[in-house]
Amino acid sequence: MQVASNAPYLRVVAPDPQPAPNPRVSVRLTTERMLICREQDLGAQSEETLVPTIELHFEYAGVRIRASDPRERVFVADMGGLAPVERDLAFERKAKYLLESFGAVEISCLHTHEPAFDSQADYLVQGEDNVHAYCAFSSHALPQLKKLGFEVEIATDYPYQTLSGDIAWYGALSPAGSQAAAGDRSESTSDWFDLELGVEIGGARVNLLAALLDLVDNAPRAASLGRVLQSARTVALPIAEHRYLAVPREQLALILDVLRDLYSGIERDLPQPPALRREQCVDLARLRDALGKQKGPVRFHSPIVDTGAALLQEPQPQATPSALQAELRPYQAAGLAWLQQLRECSLSGVLADDMGLGKTLQTIAHITCEKQAGRLTQPALIVAPTSLVGGWSKELQRFSPSLRVRVIHGPKRRSAYKCMDEADVVITTYPLLVRDLAQFEQHQFHLVVLDEAQAIKNPRSHMHRAACSLTSNHRLCLTGTPIENNLGELWALFSFLMPNFLGSAESFRSQFRLPIEREGNAERLATLRTRISPFILRRMKDRVASELPPKTELVLPIELDGAQRDLYESIRVAAHADVRAAIRKKGLLGSTVTILDALMKLRQVCCDPRLVRVAAAAQVTRSAKYEQLLQLLERQIAAGHRILVFSQFTSMLDLIAAGVREQGVEPLILTGATQNRQRLIDRFEAGDSEVFLISLKAGGTGLNLTSADTVIHYDPWWNPAAQAQATDRAYRIGQKKPVFVHNLIVAGSVEERMLRLQEHKRQLAQSLLGQSAAADLQLSEQQVHHLFAPLPRPL
């Protein structure tokens, strides 16, 4: 050891540097202004920007040294002097690699950033000006670095500081404020609530709803939130500038998914988030579940949320009321429990069971429960098609004779209004509801039931407006086809059941109908299905009525030939020319009447040339489909089958009746002009005739014809759901024999082409409700021209 005698103080210099223990590693987050060169379309441009930076230091025996310091050794105090210590470069490299693995980039490796001369920064936080990426480093990387032994310091003015750890989320509902007056608030304002959603910090609540909705709005609608949020895991805290809440990515995705569903279809151009309806309780329950996907506590206690949680569960079984004189099947008992659950939650719904599963009986059981529990202090009003009033009256007398029933129908109905409140159940018709609306509006009902509720599917109709104007505690729609034509009909039902639940008609069209029907948007479909599913009960016969015999669907293609084929082609050519001219002059929408008239003529040619009122048709003496039908009927009658024949055209039924009479059978005929429907039904069920000819419109609902085992659809309708309803006049509970359904289709004609165009609408309804349905005649110009394509050449 050598001692320097001329030194002002004693300095001991070791002959060889000594290795030191692993140095302490420290990082400091701060910001610096740097000159950044960016590539632009017109060349490179430089701008000065404030960027987040990291200062990396290593400390050897109390001596700090920057990571970028080129020296290989440091001098540390030792026995009153300084001693050289070799830097552990391998250890330092490992520390750098760890830091870089979390997204830090060494400034010396970047050619685009020019730090100030006196810069202390060694690294940049990589994020490309993305606040969420910068906050992700603060919330995720820094805790990990601490666990690895790094000392971490954050500058007080660092703009991307995060609050992390076990955060206590909270949710709260309060009666809606001034915003509750917006929109149609004809119902009680107590049904509207303002939502608070946020975290508790230091015992104080911080509402984050507005910030979370901003994230929802900024996420691309077509993308999955799970993908969008790969880096967006922070929410701005309104309590302090540049402070953010770190939320686990998966949890934030769940929260934003529910918020998107919760506010979907609601106008949000107000300074504060709009009020919510109590019918959105299911989404609120889902929101509470999403908040619970983390370690910290969740405080979100509300009877409304508890109601939503209950609706997400199977309803509690209900005892069949002792006054009900019927034994409910298991699925019917489950339907009663569901109806009672909705009533208990003060909510409304759609009983949409497949035709023939006993929606009437389940409703009667529900009303009987209300009577037996003492809740039926006001009458239940049942509004039905005129043809079904007698059936409702008989079923109520049969299954629940203790209920006091009053039918308001016919010319002598005026006196019935005076004692309507004395009844337990009031039955009336849709036309009378419109005609005598002032009388019905004077009464408060416990329950309003709309049977065959598709009658109010047009929200601009008098029937829809009349039904919505009724005052009641609860509402129920009964229909086997909630979507006959388009999603607008679904909106119409819910605007009666729970106004504004699906938003305004305009917002529903833009938010759901157009994206789903025209674009096939699966996300919008899933959102709508999630929203409505707790309020629609839909069961199909093949799932719940295993005792039913099999149903076989058969398609009988028929080829046109000879004069009938020539007639079809001549009318097709002329009609197509008229349609093209109309479209050129008026556009597609303005040509609807011309298109429908042309299609009608072609359909009539397919049925029978005698239906077509053109001179050329009078020269055609044969109809291929008519002859095939008579042959089919002859075979079926000889085999002992009992047959229902449906057609759109009453004039076609007259022609078929004449042909059946020539075979020695007197058919029964039911059309819209029939006065006593029930007498005809009773005659057929008693075996007075083997053939029942029925117009599709008049006989698609309200008939129970289980003695029939064969159904023939002579001409297809554009809406397959209507045909399914007609089929289920025979294929319903009580049917003991296998049912065969024959669909007569002219091959290659407008009949076959139109049915193919409707198939994608079936799939839409199946996806949304688990049912088959079809949409109305909304065609593109290309599809219209396809309908008027020539018949294929005969083989």
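The values are calculated or read from the model by the stated rules, or taken from the named source; none is laboratory data. Because the structure is a prediction, the values reported are computed rather than measured. In this analysis, Cβ positions are derived from the backbone assuming ideal geometry, glycine residues included, and neighbour counts consider all displayed protein chains. These area figures cover heavy atoms from the full protein model, side chains too; ligands, DNA and RNA do not enter into them. Shrake-Rupley method; radii C 1.70, N 1.55, O 1.52, S 1.80 Å.
For the reader, a short list of remarks on this structure follows.
- Taking the stretch 122-149 as the range and being in contact with a Lys or Arg (Cβ under 9 Å, 6 or more places away or on another chain) and either modelled with pLDDT of 85 or more or not in a helix (DSSP H, G or I) (or both) as the test, the residues that pass are 122, 123, 149.
- Among residues of the stretch 498-510 that are small (Gly, Ala, Ser), those with a Cβ under 7 angstrom from a residue that is modelled with pLDDT under 90 and outside any loop (DSSP other than H, G, I, E, B), sequence gap 6+ or separate chain, pair up as 503/511.
- Considering residues of the stretch 256-277 that are open to solvent by less than 40 Å² (accessible area, probe 1.4 Å) and more than 18 Å from the chain's Cα centre (by Cα) only, the residue modelled with the highest pLDDT: 275
- Residue 114 falls short on exactly one of the conditions (1) surrounded by fewer than 16 Cβ atoms within 10 Å (Cβ to Cβ); (2) modelled with pLDDT of 85 or more, and that condition is (2).
- The set of residues in the stretch 500-527 that are of a type in the set (S, T, N, Q), in contact with a Gly (Cβ under 7 Å, 6 or more places away or on another chain) and assigned to a helix (DSSP H, G or I) comprises 507, 511.
- Filtering 659, 699, 672 for residues that are within 39 Å of the chain's Cα centre (by Cα), surrounded by 13 or more Cβ atoms within 10 Å (Cβ to Cβ) and at negative phi leaves a single hit, 699.
- The stretch 278-308 - residue that is touching an Asp or Glu at 6+ places or on another chain (Cβ under 6 Å) and open to solvent by less than 30 Å² (accessible area, probe 1.4 Å) and, of those, modelled with the highest pLDDT: 283
- Qualifying positions in the stretch 505-522 - open to solvent by 50 Å² or more (accessible area, probe 1.4 Å) and on the phi < 0 side of the Ramachandran plot: 506, 509, 510, 511, 518, 519, 522
- Close pairs (6 angstrom Cβ cut-off, 6 or more residues apart or separate chains): in a strand (DSSP E or B) in the stretch 102-116, open to solvent by 40 Å² or more (accessible area, probe 1.4 Å) anywhere: 105/126; 114/35
- Number of residues in the stretch 541-567 that are in a loop (DSSP other than H, G, I, E, B), at pLDDT below 85 and surrounded by 15 or more Cβ atoms within 10 Å (Cβ to Cβ): the value is 2.
- Verdict on residue 320 being open to solvent by 10 Å² or more (accessible area, probe 1.4 Å), among the β-branched types (Val, Ile, Thr) and either at pLDDT 90 or above or over 21 Å from the mean Cα position of the chain (by Cα) (or both): yes
- Qualifying residue in the stretch 63-70 (condition: in a helix (DSSP H, G or I), of a type outside the set (Asp, Glu) and surrounded by fewer than 18 Cβ atoms within 10 Å (Cβ to Cβ)): no
- Subset of the stretch 535-557 that is of a type outside the set (A, V, I, L, M, F, W, C) and in contact with an Asp or Glu (Cβ under 9 Å, 6 or more places away or on another chain) - its residue that is farthest from residue 732 (Cα to Cα): 557
- Hits in the stretch 230-242 (condition: at pLDDT 80 or above and either part of a loop (DSSP other than H, G, I, E, B) or among the charged types (D, E, K, R) (or both)): 237
- Listed by position, the helices (runs of 4 or more DSSP H) enclosed by the stretch 270-376 that each have at least 2 residues that are in contact (Cβ under 8 Å) with a residue 40 or more places away in the chain, out of contact with any strand residue (DSSP E or B) (no Cβ under 7 Å at 6 or more places or on another chain) and of a type in the set (Ser, Thr, Tyr) are 359-372.
- Among strands (runs of 3 or more DSSP E) entirely within the stretch 405-454, having at least 2 residues that are among the aliphatic types (A, V, I, L, M) and closer than 30 Å to residue 483 by Cα singles out 425-429, 444-451.
- Of all the numbered requirements in (1) of a type in the set (Ser, Thr, Tyr); (2) surrounded by 16 or more Cβ atoms within 10 Å (Cβ to Cβ); (3) under 20 Å from residue 494 (Cβ atoms), residue 360 misses one, and that requirement is (3).
- Verdict on residue 225 being modelled with pLDDT of 80 or more and either within 22 Å of the chain's Cα centre (by Cα) or among the hydroxyl-bearing types (Ser, Thr, Tyr) (or both): no
- Residues located in the stretch 628-643, provided they are β-branched (Val, Ile, Thr) and not in a helix (DSSP H, G or I): 643
Here is a yes/no grid of residues against (1) at negative phi; (2) touching a residue at least 40 places away in the same chain (Cβ under 8 Å); (3) surrounded by fewer than 20 Cβ atoms within 10 Å (Cβ to Cβ); (4) of a type outside the set (Lys, Arg):
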residue	(1), (2), (3), (4)
688	yes, no, yes, yes
733	yes, yes, yes, yes
743	yes, yes, no, yes
748	no, yes, yes, yes
753	yes, no, yes, no
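- All positions within the stretch 465-499 that are more than 14 Å from residue 383 (Cα to Cα), part of a loop (DSSP other than H, G, I, E, B) and over 15 Å from the mean Cα position of the chain (by Cα): 480, 481, 484, 485, 498, 499
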